[in-house]
1. Please go through (1) modelled with pLDDT of 95 or more; (2) within 7 Å of chain A (Cβ to nearest Cβ) for B:Asp56 and return the number of the only condition it doesn't satisfy.
2. Looking at the structure I just gave you, is B:Thr210 among the polar types (S, T, N, Q), surrounded by fewer than 22 Cβ atoms within 10 Å (Cβ to Cβ) and within 28 Å of B:Ala36 (Cβ to Cβ)?
3. Look through segment A:264-278, keep the residues that are more than 19 Å from the chain's Cα centre (by Cα) and in a loop (DSSP other than H, G, I, E, B), and return whichever of them is farthest from the other protein chains (Cβ to nearest Cβ).
4. Those residues that are in a loop (DSSP other than H, G, I, E, B), within 14 Å of chain B (Cβ to nearest Cβ) and more than 9 Å from the chain's Cα centre (by Cα), I need them from segment A:330-372; list them, please.
5. Of all the strands (runs of 3 or more DSSP E) wholly in segment B:191-303, which have at least 1 residues that are within 20 Å of the chain's Cα centre (by Cα) and closer than 25 Å to B:Ala32 by Cβ?
6. Could you give every pair whose Cβ atoms fall below 9 Å, whose first residue belongs to segment A:43-66 and is closer than 21 Å to B:Ala238 by Cα and touching a residue at least 60 places away in the same chain (Cβ under 8 Å), and whose second residue is of a type in the set (D, E, K, R) and outside any strand (DSSP E or B), counting only separations of at least 6 or pairs across chains?
7. Restrict the check to segment A:196-205 and report whether at least one residue is at pLDDT 95 or above, away from chain C (no Cβ under 14 Å) and open to solvent by 10 Å² or more (accessible area, probe 1.4 Å).
8. Scan segment A:112-124 residue by residue and report those that are more than 9 Å from chain B (Cβ to nearest Cβ) and either open to solvent by less than 10 Å² (accessible area, probe 1.4 Å) or not in a helix (DSSP H, G or I) (or both).
Amino acid sequence: MERAAIIGTGMTKIESARHTETFADMAWEAVNKALDDAGMTIDDVDNVVTTSNDFWDGRTISCMAVGDASGASHKNVSCVEGDGTFGAFYGLSRALSGSYGTTLVTAHSKGSESISSLITNASFDPIYDRWLGMDMVSASAMQANAYMERTGTTSEQLAMVSVKNHGNAVKNPLSQLPMSLSVEDVLGSEMISDPLHKLDCSPVSDACCAIIIANESRVARYSGCPVWIKGAAFCSDAFFLGDRDLSRAKALTEAAAKAFSMAGITNPSKEIQVAEIYDAFTYQELMWLEEIGLCESGTAGSKLEKGEFDIDGRLPVNPSGGLLGGHPVIAAGLIRIVEIVKQLRKEAGEYQVDAKRGLAHGVNGLCGQSHCVWVLDSEG
Amino acid sequence: MGKNRVAIVGTGQTFHKSHRPDVNGQELINEAVQAALKDADMKINDIDAVVIGNMDHFEGINYVDCWSVDGSGGVMKPIIKLTTGGTTGSTLAIGGYHLVGSGLFDRVLVIGWEKNSESDTTGAITTAFDPVWDRLVFAGAISGLAVEAQSYMAKYGATDKDGARVSVRDRKHACNNPHAQLRKEVSIEEVLESPVLADPIHLLDVCPRTDGACAVIMASEKYAEKIARTPDWIWGTANRHKYSYLGDVNWGELDSMAEAAGEMFEKCGIKEPRKEINVIEMYQPYSFAGIIWIEDMGIVERGKGAEYIWSGATDMGGELPINPSGGVIACNPIGATGLIRCAEAAMQVMGRAGDRQVPDVNHAVSTGFGGCMWTDILLHGKQKPQI
Amino acid sequence: MGAGTKNTFDGIEPLVHKSQISVPYHWWAGETASRFFVELRDNKKIMGTGCGGCGKTFVPPRKTCPVCFTENTKWVECGPAGTVTSFTVVRKQQEALHHKVPVIFALVLLDGADTALLHRLDEVSPEDVKIGMKVEASFSETRDANMTAIAYFKPAS
């Protein structure tokens, strides 16, 4: 892969409900922040990729809501429907294909404007499965049980993820749910769907995020500090939940392996120094860490107990507070990328860790069907 | 212009119908995919990545990229969804072009599909517009198009008879296309006597609702010449999705087409499109667009569109045939439609267009339309582009 | 820019426009799913389709094998007994749910099938559900040609 870097990032604060803003208002804020961060004007942006979801936005052609505010009126533009990491991947390909030197990528959603149970129920197959009335939470709970059964991971270990991430969020001014919790608080919170308590689940939030990707030939032109894209890959597993071994994430392992190979990484658990993982639910942080290869299968829970993934641990995971700290669907993966960029540029303020190379991860679909993995480096 | 050459090496479509009760959405997608693989003499394992799209609210399925994998061949592959309303199909083609052109993938399967019979098309399209400002006064796609036609007619004196001549052309062309849904000719009188939907648009001026899927395989230069004897090289792409609010639109002129076509022709070195382009597959959702948008494309001067159509220049056998496939008036599975235009243009360049083949095609243009008067445009060519 | 906007609108109640997308859907099941449902309704049989290439039997049935990409021409009767491969007990009422909590959802790998069917468990208390337990289909008395022809799965007798 040719060299490309992220040279600007911007995001709104993650909130439970941004009453006074439309999608366009949020995009305007995030895009302008990214432009300022990169030292660019909108004219320096060669093309735009927005990321959104028609169901979450309650409008078909959801990209129409943010195109103008993202500066796309007189530019080439496209829209990815899926997590922001996928939108960023497409944006990357457009910066590498020779047609454009810089791509602005945005991702947004306002969870406050819809009913998440119904929205995620709509991802079930309408002929065979949707009638059951399941949604993202019940499906994920089923996966959590399978994972815990196979690996022996305990509810207490799951709770520790919540304690860690909400605790990390305290230092992140853009997060939605900074909280000082104990394991007992998590286990004592309302049971939503066995084994997931309320505090095992991320919220569904409002936010918009934007990044600017530049290919090598354009990076030096702008003042934004570049964070280099060393590897990026995505992969999807089968769709029907019964077709998969829910306790494993083959597609994630495949995507991660490809991203590591592109980046020349042979020992990920040693060479990755910070990770922002898609923790829509507590068990997911542990499961994805194992399936990515950042620790061996079945060991994430005990490593977490030993403090290895704490902000001052061997491999800080979700120093930003992750999705548990604030979860605007669709934008969430792009925010993982932004958080790694902040870490590698040493701009993470009170939740800064010491890292030169990091991993960002996003998910699309039920129970982590489709994954996108990014490897970023402060050096080219 | 990209720096890596990209070509279309195979295409496939279903035989489009008003409804396909014999298959569910996945199975419909699979038909088109199998047809494209057969056309390119490839296996699903040869595909490095899949790009798919449709308009969510026509089928009511969320995360279609995930849901489709059994039919689209995406199991244990990278699969990504693009969706931009009516322009989805052409946006997908542009997506394949960049994914291959980036060097990240060598062989990409591009799929557009729609099962419009499964929902209320107008009800779904209306949700595209801003819920506070536009949605309550908007009555689906046809009302917007009628406003455009009225504006053009007021400026240039065209009439609904001019629109009808375009319908006659496309419905006649469709008779040569075994994949088209509507394969019966219509006369000017029949068009003008058909019920008025929104003045000046008659029923026979507009597209039907269709269940259909289309798949296109794109490959890098390294692979393209091994797979296809005459690959269809993508010379360039451009698009404009400007306007989010109906009140902002410059009615009567398709600004997005003028800007996008202008950009594409310029960067591809096309100086006189009317002379250098041999065939156009235009996403023309209603007849009048066939008059107006060729002016915006730069084929003829402003106000001369109707005259050009009446001259027969855009009929089969004319100097610049438009919609040899019968176009959108004969067939409209919305998420696929833009990709079908691309596939039909590719077939023209590759010499695989059967009874609808235009002779000696060197350059073809395919376009997409949708959203709030948006345009996508692609330039296809038999020769390799300069890079 | 942002701060200026906030001052202008201070003290003004934001407008909330409530609406619903009202797009009715009816999905064509296709011939494969139709046959599956008809067998449930008429014969109380759970049928899967088998791939001639990899040999896998799919429940719910697929017209083509997702991996081999060839048409599955074999129809294979599966179940009615099977094994629970995973499950959850929903405790808090969610908008998508039709039943009142607690509701037990499970993946059931039917005897003879290689993929598990997503369904509901009943006639069992949540505490007694285990991964690996044997269950069997309980068919509805009056059946339509859809998944509700199987009312739920219950512990195997």
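The values are calculated or read from the model by the stated rules, or taken from the named source; none is laboratory data. Please read these numbers as outputs of a predicted model, since none were measured by experiment. Reconstructed Cβ throughout: ideal geometry from the backbone, glycine too, with neighbour counts over all protein chains shown. These accessible areas exclude ligands, DNA and RNA; they are computed on the full protein's heavy atoms, side chains included. Shrake-Rupley method; radii C 1.70, N 1.55, O 1.52, S 1.80 Å.
1. (1)
2. In short, no.
3. A:Asn267
4. A:Gly365, A:Leu366, A:Cys367, A:Gly368, A:Gln369
5. B:211-220, B:232-240, B:279-281
6. From segment A:43-66, the pairs are A:Asp44/A:Arg218; A:Asp44/A:Arg221; A:Val45/A:Lys75; A:Thr51/A:Glu81; A:Thr51/A:Asp83.
7. yes
8. A:Ser114, A:Ile115, A:Ser117
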